[in-house]
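> This structure is in structure tokens; I'll ask about it shortly.
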There are 2 protein chains.
Amino acid sequence: MTLKLDTDDYRIAPGAKVDLDRLPTRYDGPIDKQEARQAFEQLRDRLVELQELMYAEHKRSLLVVFQAMDAAGKDSTVRHVIGPLNPAGVRVTSFKAPNSVELGHDFLWRIHEHTPRRGYIGVFNRSHYEDVLIVRVKDLVPEKVWRKRYEHINAFEKMLTDENTHILKFYLHISKDYQKERLQRRLDRPDKHWKFEPADLKERARWGAYREAFEDALSRCSTKHAPWYVVPAERRWFRDLLVMKVLAGKLESLNMDYPRATFDPTSIVIE
Amino acid sequence: MTLKLDTDDYRIAPGAKVDLDRLPTRYDGPIDKQEARQAFEQLRDRLVELQELMYAEHKRSLLVVFQAMDAAGKDSTVRHVIGPLNPAGVRVTSFKAPNSVELGHDFLWRIHEHTPRRGYIGVFNRSHYEDVLIVRVKDLVPEKVWRKRYEHINAFEKMLTDENTHILKFYLHISKDYQKERLQRRLDRPDKHWKFEPADLKERARWGAYREAFEDALSRCSTKHAPWYVVPAERRWFRDLLVMKVLAGKLESLNMDYPRATFDPTSIVIE
């Protein structure tokens, strides 16, 4: 059985102009939930193997970036897709509003500290892209400052890639109606209240401005070395499958191998 | 069905003098593998819930320390017991030989940087205990320096606990024969060669000195607030079960609750 899923269909080609209204928020293709689950499990098992290989090889690292509107499912994607990996080789960083020390530096300073070292998978739940998203929407720095950041981001990501940190970026795409549903759920369940921030509603009111900012980020910063994927995120089983397939496909493409022993294993006697 | 497992049987009482030769390396009690697996899965599911609660509550953190002879299964324990948790709330730190910057500081400096922040579970694969283990066995600092460290460790761990970082410490106990078996396995499997270090055999030759150093560390640093558990580690299903039960039991005992909303959920209308 071949899975009818070409991940390139969801990748933003370098230089393409993104119009989010024309990209699906809900998967509506030939794969059903059952098939997706099976394929997910196979890819997951392979990804776990590839992670160990990358750890053993100790030559490169993988950086996975998640961005989205509130309540689109970033946390849940991390739990489902990153959760199965060996925790010893994974670092998840959730970026919040920068503190005063961080604000005393350039916008990439606090990001750089958390890029994954060799053998590791680093996961960013929000990232340096906030500096051209919320920062732009809320006018936190002048336009002439954030305008230049797209280029700085591309240069930074190119440097990382050239130094063997591979980069994959996912925008979890949902509709405004779907967000309402998810936020309402947080209000309805006492065990989810802690995830609800009344202030989030102010961000929701700026939906159009955020969409525009996302479109610019996706259009300007999807490069050959660090592509953006726009993931239809309203069916979670498809969202997880797509992200998993991109991750496994990337590590597979590196043709890694276990390092050769620097000693002769047959000559060693354990007393 | 009640699980016949009192984790206190494996806890070193404060002030007790540890004789490792008298403590089992291989579990030989009434629980069978099948029962252990079922109990493990139940405890795992509960631990995942408790982890979310701790994250939501944002009041305290948990630090889990693993120490053992080489090839005792530290990596594997982390994979099995910590693996099921939400990776966004976990940080595993594997301590290697200190680098020159770290050596320029007191021995707790590099450790302190990695203690878990509120809501997080921090896992140490090796730890500050190396500074009274390998450092002592290989004479890396004078005895008058490492002698004082037991007390410094206790004070440090007490401070952490008083500041709401709870601490659990596990010594994975194996026999010298079992280590031989595991090391041989690394030699026999090409995909495990990368885990084999010929230099590890030199450490193996110092088995007795290490045992003595471990006995001192376990005897002097098992406190009420930061207990050591000596885990019979040669049956992996029992090892995982015991560690899981201690973790879940600790978080259960904290009687955590989801934080109350600081707003009235019924008054909020999502436009």
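The values are calculated or read from the model by the stated rules, or taken from the named source; none is laboratory data. Predicted, not measured: the structure shown is a model, and the values here were computed from it. Note that we place each Cβ from the backbone using ideal geometry, even for glycine, and neighbour counts take in every protein chain shown. Remember, those area values only see protein heavy atoms, side chains included, never the ligands or the DNA or RNA. Shrake-Rupley method; radii C 1.70, N 1.55, O 1.52, S 1.80 Å.
> With viscosity set to 0.692 mPa s at 37 °C, what whole-number translational diffusion coefficient in µm²/s follows for segment A:94-202 from Stokes-Einstein and a Kirkwood radius over Cα pairs?
Here the translational diffusion coefficient equals 200 µm²/s.
> Ok, one more. Of the candidates B:Tyr258, B:Tyr171, B:Tyr150, which one comes out as most mobile in a Gaussian network treatment of chain B with C-alpha springs shorter than 10 Å?
Comparing B:Tyr258, B:Tyr171, B:Tyr150 in a Gaussian network model of chain B, the most mobile one is B:Tyr258.
> For chain B, set up a Gaussian network in which alpha carbons nearer than 10 Å are linked by springs, and say which option among B:Ala97, B:Ala213, B:Ala36 fluctuates the most.
Of B:Ala97, B:Ala213, B:Ala36, the most mobile in the Gaussian network model is B:Ala97.
> Shifting gears a bit: Of A:Ile82, A:Ile167, A:Val132, which is farthest towards the positive pole of the protein assembly as shown's charge dipole, taken about the Cα centre with +1 and -1 on the beta-carbons of Lys, Arg and Asp, Glu respectively?
Result: A:Val132.
> Next question, about the same structure. In nm to one decimal, list the spacings between the B:Arg22 label point and its equivalents in the other copies, with label points set 7 Å along Cα to Cβ, shortest first.
Between copies, matching label points for B:Arg22 lie 7.9 nm apart.
> Under 18 Å between alpha carbons, and skipping anything fewer than 8 positions from B:Lys17 in its own chain: which aspartates and glutamates qualify?
In chain and number order, the partners are B:Asp8, B:Asp9, B:Glu151, B:Glu212, B:Glu215, B:Asp216.
> Still on this structure: Taking the Cα centroid of segment A:136-210 and of segment B:71-111, what is the distance between the two, rounded to the nearest whole Å?
That distance is 31 Å.
> Using unit Cβ charges (K, R positive; D, E negative) and no other charged atoms, how large, in debye to the nearest 20, is the dipole of segment B:7-267 about its Cα centre?
Value, rounded to 20: 520 debye.
> Could you tell me which of the pairs B:Lys59/B:Lys195; B:Lys74/B:Lys245; A:Lys202/A:Lys245; A:Lys74/A:Lys202 are separated by over 26 angstrom between their Cα atoms in the structure shown?
In this structure, B:Lys59/B:Lys195; A:Lys202/A:Lys245 lie more than 26 Å apart at Cα.
> Another question about this same structure. May I ask which residue of A:Gly122, A:Gln179, A:Ala248 lies farthest towards the positive end of the charge dipole of the protein assembly as shown, with charges of +1 (Lys, Arg) and -1 (Asp, Glu) on Cβ and the Cα centre as origin?
The Cα lying farthest towards the positive end belongs to A:Gly122.
> Averaged over all directions, how much area does the convex hull of the C-alpha atoms of segment A:87-137 cover when projected, in nm²?
Computed as one quarter of the Cα hull surface, the answer is 3.9 nm².
> Okay, next question. When the dipole is taken about the Cα centre of the protein assembly as shown, and only Lys, Arg (+1) and Asp, Glu (-1) are charged at their Cβ, what size is it in debye, to the nearest 20?
Values: 94 positive and 84 negative charges, 42 e Å.
Using Cβ point charges on Lys, Arg, Asp and Glu, the protein assembly as shown gives about 200 debye.
> Hey, another quick one. Which value, in Å to one decimal place, does the Kirkwood hydrodynamic radius take for segment B:7-267 when every pair of different Cα atoms is included? Walk me through the intermediate numbers first.
Numbers: mean 1/r = 0.0515 Å⁻¹.
After inverting the pairwise mean of 1/r, the radius is 19.4 Å.
> Among the trypsin sites (Lys or Arg not before Pro) within segment A:211-271, which fall in a DSSP loop and have no more than 11 other Cβ atoms within 10 Å of their own Cβ?
Within segment A:211-271, the qualifying trypsin sites (Lys or Arg not before Pro) (loop, at most 11 other Cβ atoms within 10 Å) are A:Lys224, A:Arg260.
> Heavy atoms of the protein only, probe of 1.4 Å, neighbouring chains included. What is the accessible area of A:Val246 in Å², nearest 10?
10
> At what distance in angstrom do the alpha carbon centres of segment B:231-254 and segment A:214-271 lie from each other?
Between the Cα centre of segment B:231-254 and that of segment A:214-271, the gap is 32 Å.
> If the elastic network links every pair of Cα atoms under 10 Å, which of A:Pro84, A:Pro198, A:Pro14 fluctuates the most in the Gaussian network model of chain A?
For chain A, modelled as a Gaussian network with Cα springs under 10 Å, the answer is A:Pro198.
> Any idea of the accessible area per residue across chain B, 1.4 Å probe, to the nearest Å²?
49
> May I ask you to report, in nm to one decimal and beginning with the shortest, the distances from A:Asp45 to the same position in the other copies, taking label points 7 Å along Cα-to-Cβ?
Label-point separations across copies, in nm and ascending: 2.3.
> I've got another one for you. Considering the options B:Ala205, B:Thr262, B:Ile31, tell which one lies farthest towards the positive end of the dipole of segment B:7-267, charges being +1 on Lys and Arg and -1 on Asp and Glu at the Cβ, about the Cα centre.
Checking the options against the dipole of segment B:7-267, the answer is B:Ala205.
> Straight-line reach from A:Lys138: which aspartates and glutamates fall under 12 Å, measuring Cα to Cα and dropping same-chain residues less than 8 apart?
A:Glu130, A:Glu203
> Right, another one. Quick one: Debye curve from the C-alpha atoms of the protein assembly as shown, no solvent, what's log10 I(q)/I(0) at q = 0.12 Å⁻¹?
Here log10 of I(q) over I(0) equals -1.27.
> Where the only charges are on Cβ atoms (+1 Lys, Arg; -1 Asp, Glu), what is the dipole of segment A:52-199 about its Cα centre, to the nearest 20 debye?
Value, rounded to 20: 240 debye.
> Estimate for me the total accessible surface buried between chains B and A (protein heavy atoms, probe 1.4 Å, no ligands or nucleic acids), in Å² to the nearest 100.
3600
> Specify whether the C-alpha gyration tensor of segment B:39-128 places it in the rounded, prolate or oblate class, a ≥ b ≥ c being the square roots of the eigenvalues: rounded for a/c under 1.5, otherwise prolate if a/b is larger than b/c and oblate if not.
Oblate, since a/c reaches 1.5 and b/c is not below a/b.
> Suppose we consider the axis relating copy A to copy B; can you name the residue of A with the nearest Cβ and state that distance in angstrom as an integer?
A:Pro87, 3
> Can you compute 3J(HN,Hα) from phi for each residue in segment B:92-105, using the Karplus curve 6.51 cos²θ - 1.76 cosθ + 1.60 with θ = phi - 60°, rounded to whole Hz and x for Gly and Pro?
Rounded to whole hertz, the list is 9, 10, 9, 7, 9, 4, x, 8, 5, 5, 5, 5, x, 10.
> Also, I was wondering about something else. State, to one decimal in nm and shortest first, how far the label point of A:Lys180 sits from each corresponding label point in the other identical copies (label point: 7 angstrom along Cα-to-Cβ).
7.2
> Using a 1.4 Å probe and ignoring any ligands, DNA or RNA, find the accessible area of A:Glu49 and quote it in Å² to the nearest 10.
100
> How far is it, in nm, from the label point at A:Lys17 to the one at A:Asp257 when both lie 7 Å from their Cα along the line to the Cβ?
4.8
> A further question follows. Can you give me the distance in nm between label points at A:Glu271 and A:Lys180, each placed 7 Å from the Cα along the Cα-to-Cβ direction?
Result for the modelled spin labels: 7.6 nm.
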